[in-house]
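See structure below.
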Amino acid sequence: MDTPEKKKVIFSAIQPSGTITLGNYLGALRNWVKLQDDYNCIFAVADLHAITVRQEPKAFKQNILNAYALLLACGIDTEKSLFFIQSHVHTHAELAWVLNCYTQFGELSRMTQFKDKSAKHADNVNAGLFAYPSLMAADILLYKSDMVPVGADQKQHLELSRNIAERFNGIYGNTFTVPEPYISTVGARVMSLQDPSKKMSKSDENVNSWVAVLDKPDTIMKKFKRAVTDSEAVVKVGEGKDGINNLIGIMSAVTGKTADEIAVEFEGKGYGDFKTAVAEAVIEEVKPIQARFEEYINNKDYLVEQYRKSAEIAEKISQRTLDKVMKKIGFIAK
Ligand code: TRP
């Protein structure tokens, strides 16, 4: 319904890649949870995107379900938001095909993620990997999304989605809402614990470089204790102190304390004490999430009920956009 105070639509999705890191949580998911009160939020587990690299069926299935349960555990609330599994809503793959025909080979060739991933999976540079951004555009455009919260790695894809939308609107008249990036003011950029010049990433072969939200407390402690620091032994933000800056950033994100407050608190203390304190704070933060995850993952009926409910609504909303698109192009309605 069109009401004057209509909330803006936010869309985002995450791939079910098996592990959700502390970086994903502090940098993105925690913000999604907050956005739910002020926006019309639509979230999805992007399983269709995931098959652009080869997946082992059993593990894939478990990863999808785990991702769904973990996001619920983080606070995605199906009473406030739509939260579904991408492949359950058939309009995504359909619109993606259509948009493929309005996306240029040259544009897709320029995507840095495609270049990176095709180098990494040289034995499987499939057409889906190439067309990945047009599926993402379909995800976003189906819901007339006003804003998309994206990290730096997805900015180029969002820019392409905007270009596709504008191009289509230019040919057929106003059809799509052109989405804006949603720049979060609070999102923490969590860096690798082993090489703090790089973003924390679960694809890093050094498992000590990242912490998973579902890591056991002693694993979290161990990884933080091994975190790279510097030789100054002063807990304070500073140049050439990327490791400590990162740990202070994490501490600040989980406790709400400012970097200055943290520096005062740890004045005269060594890095060992500080690392332990950061690990303890992180363990405290993830503890309730882990408990809720256990609860959800062991309650399959509840999960099914949640994802079905959202998929049904998502299908209705997105079908309207797809119908409009098909009609504008000249397809015959059945
Ligand atoms: N490609 C995104 C990622 O890997 C996930 C994604 C799929 C997405 N569809 C989206 C993000 C639509 C934002 C909007 O992080």
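Among the DSSP beta bridges whose two residues both lie in the chain, what percent are antiparallel, rounded to the nearest 5? Each step should come with its number before you reach the end.
Details: 2 of 16 bridges.
Once the DSSP bridges in the chain are tallied, antiparallel ones form about 10 percent.
Carbon-plus-sulfur accessible fraction, segment 97-237 (probe radius 1.4 Å, protein heavy atoms only): 53%. Solvent-accessible area per residue in the chain equals 50 Å², computed with a 1.4 angstrom probe and all protein chains kept. Given the options Asp301, Asp47, Asp77, which has the most mean-square fluctuation in a GNM of the chain, springs set between C-alpha atoms less than 10 angstrom apart? Highest fluctuation of the listed residues: Asp301.
Compute the relative contact order of the chain as a whole-number percentage, counting only Cα pairs closer than 8 Å that sit 6 or more residues apart in sequence.
Reported as a whole number, the value is 21 percent.
Eigenvalues of the alpha-carbon gyration tensor of the chain, scaled by 5 and square-rooted, set the equivalent ellipsoid semi-axes at 38, 21, 20 angstrom, largest first. Considering only C-alpha atoms, what is the centroid distance from segment 172-212 to segment 1-74, in Å? Comparing the Cα centres of segment 172-212 and segment 1-74, I get a distance of 13 Å. In this simple spin-label approximation, Lys327 and Lys269 carry label points 7 Å from Cα along the Cα→Cβ vector, and these lie 6.4 nm apart.
For segment 21-95, applying the loop criterion from DSSP together with a ceiling of 16 other beta carbons within 10 Å to the trypsin sites (Lys or Arg not before Pro) yields Arg54, Lys80.
Here's how it looks for Leu214: its modeled amide H is under 5 Å from those of Ile20, which are all 5 or more places away or on a different chain.
Residues in segment 268-274 carry Karplus couplings, in order, of x, 9, x, 5, x, 4, 5 Hz; the curve used is 6.51 cos²θ - 1.76 cosθ + 1.60 with θ = phi - 60°, and Gly or Pro positions show x. Computed from backbone phi with θ = phi - 60° and the Karplus coefficients 6.51, -1.76 and 1.60, the 3J(HN,Hα) list for segment 253-266 is 5, 8, 9, x, 6, 7, 4, 5, 4, 5, 4, 5, 4, 9 Hz; x is used for glycine and proline. Could you tell me the distance between the Cα centroids of segment 255-284 and segment 97-146, to the nearest Å? Using only Cα atoms to place each centre, the spacing works out to 42 Å. A simple rule links phi to the HN-Hα coupling: the Karplus curve 6.51 cos²θ - 1.76 cosθ + 1.60 with θ = phi - 60°, which for segment 36-43 gives 4, 7, 9, 10, 7, 9, 10, 10 Hz, with x for Gly and Pro. Rounded to the nearest 500, the 222 nm mean residue ellipticity of the chain from helices alone is -16500 deg cm²/dmol, with -39,500 (n - 2.57) taken per DSSP H run of at least 4 residues.
When the chain is fully extended, how far beyond the present Cα-Cα distance does Gln62 get from Ala259, taking 0.36 nm per residue of separation? It would help to have the intermediate numbers written out before the result.
Values: separation 197, 0.36 × 197 = 70.92 nm, distance 3.87 nm.
My answer for the length gained is 67.0 nm.
Partners of Lys275 within straight-line reach, counting lysines whose Cα lies under 20 Å from its Cα and excluding those fewer than 8 residues away in the same chain: Lys198, Lys199, Lys216, Lys222, Lys223, Lys225, Lys236, Lys241, Lys257, Lys287.
The values are calculated or read from the model by the stated rules, or taken from the named source; none is laboratory data. Since we're looking at a predicted model, the values are computed, not measured. Note that each Cβ is placed from the backbone with ideal geometry, even for glycine, and that neighbours are counted across all protein chains shown. Ligands, DNA and RNA are excluded from the accessible area calculation, which covers all protein heavy atoms including side chains. Shrake-Rupley method; radii C 1.70, N 1.55, O 1.52, S 1.80 Å.
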